[in-house]
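A.B. asks: Quick one: the structure is below, questions incoming.
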Amino acid sequence: MNDLTVENALENWIDIESFLSYHTFQIFIDNRDWPGNNIKFWKDNRNGGKWRWILYDTDFGFGIWDGNAFTFNTLNFALEENGPGWPNPPWSTLLLRRIISNNNFKNQFITVYCDMLNTIFRPEYLVSHLDSISSLIEDVIPKHRSRWYNNGSWPNSALNWEDRLNNIENYSQNRHGYALDHLQNRFDLGNISQSTLRINPENSGYIDFNSLKIEVPIWNGSYFPNIPVTAKAIPLMEQKTWNKSLLEELSQTMEDASICGLGQAAPNPLRCVMKYFPQEV
């Protein structure tokens, strides 16, 4: 799987970032009615179209049926080689297992997971969105109960409206740390470190950082030092005068985060330009 020909072929067939993001989300929310069930994927038939996965039917997620689901190691569950016929039989975990046996794809999966843990999987983000969404429908819950109540027979989930919301909120507040531990232990990643990105002066551009677009003046995220990250200042490079201190900070971040000599040497051309042709920058 680490053969470059195989890697290129997979990238031509599959939208790798979409595939990894999809699996990251299913794993984080602990959807255990998957991956041997509720799977859909599609492909654009035009030239260059790639396979992408569709997220749907996630009602097993966010601990709605289990108040302690936030502790469950869904990463191992999604990579199980000998699972039962349902919900994670071997065929359903095979593609993810094979893809992350490629070192580059494995590193990308870890990075995508960290990107999400640093943004949309933050507890405050999840709880805020839960509150905003539930507030949109809370007024119709009594009508829903009245219309569909059937003397206690299933389904009557609306009768447990507040309990289910509490379960989801509890899951959202507690899942983050366990998910990080699961990732760390599965891939033997060691201690995590904080990365800080700064845009100076403000509004001078943005930074493409892995799968993220960073636009705030100061941004902090937690990443594993032995897993490569990518950072690129976008409009900054197009300015008439470059911000040399910020470019050097980005260069140092790239060098520190790289585990191979090629990655560590990546900032050298930029540094040479700033050193030997300062009048040009």
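The values are calculated or read from the model by the stated rules, or taken from the named source; none is laboratory data. Keep in mind that what you see is a predicted model, and the values were worked out from it rather than measured. When we count neighbours, we look across all protein chains shown, and the Cβ atoms used for this are built from the backbone with ideal geometry, even at glycine. All accessible areas refer to the heavy atoms of the entire protein, side chains included, with ligands and DNA or RNA removed. Shrake-Rupley method; radii C 1.70, N 1.55, O 1.52, S 1.80 Å.
Here's the yes/no breakdown for (1) exposed (fewer than 14 other Cβ atoms within 10 Å of the Cβ); (2) modelled with pLDDT of 95 or more; (3) charged (D, E, K, R):
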site: Asn160; (1), (2), (3): yes, no, no
site: Asn167; (1), (2), (3): no, no, no
site: Ser172; (1), (2), (3): no, yes, no
site: Asp181; (1), (2), (3): yes, yes, yes
site: Leu189; (1), (2), (3): no, yes, no
site: Gln194; (1), (2), (3): yes, no, no
site: Gly205; (1), (2), (3): no, no, no
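A.B. asks: Hey, Asn226 hits all of (1) open to solvent by less than 70 Å² (accessible area, probe 1.4 Å); (2) within 30 Å of Ala69 (Cα to Cα); (3) in a helix (DSSP H, G or I); (4) in contact (Cβ under 8 Å) with a residue 24 or more places away in the chain but one; which does it fall short on?
C.D. replies: (3)
A.B. asks: Same structure, new question: Please go through region 104-145 and give me each residue that is polar (S, T, N, Q), open to solvent by less than 80 Å² (accessible area, probe 1.4 Å) and in contact (Cβ under 8 Å) with a residue 12 or more places away in the chain, ordered by number. Spell out the reasoning first.
C.D. replies: Our first condition is that a residue be polar (S, T, N, Q); within region 104-145, this holds for 104, 107-108, 111, 118-119, 128, 132, 134-135.
Now drop any that are not open to solvent by less than 80 Å² (accessible area, probe 1.4 Å), which leaves 107-108, 111, 118-119, 128, 132, 134-135.
Those that are polar (S, T, N, Q), open to solvent by less than 80 Å² (accessible area, probe 1.4 Å) and in contact (Cβ under 8 Å) with a residue 12 or more places away in the chain: Asn107, Gln108, Thr111, Asn118, Thr119, Ser134.
A.B. asks: Considering every residue within region 229-242, establish whether at least one is over 28 Å from Phe19 (Cβ atoms), aromatic (Phe, Trp, Tyr), in a loop (DSSP other than H, G, I, E, B) and open to solvent by 30 Å² or more (accessible area, probe 1.4 Å).
C.D. replies: yes
A.B. asks: Check Asn47, Asn12 and return the single one that is open to solvent by 70 Å² or more (accessible area, probe 1.4 Å), in a loop (DSSP other than H, G, I, E, B) and farther than 30 Å from Glu162 by Cβ. Please lay out each step first, then the result.
C.D. replies: On the way: Asn12 fails: in a loop (DSSP other than H, G, I, E, B).
Being open to solvent by 70 Å² or more (accessible area, probe 1.4 Å), in a loop (DSSP other than H, G, I, E, B) and farther than 30 Å from Glu162 by Cβ holds for just one of Asn47, Asn12, which is Asn47.
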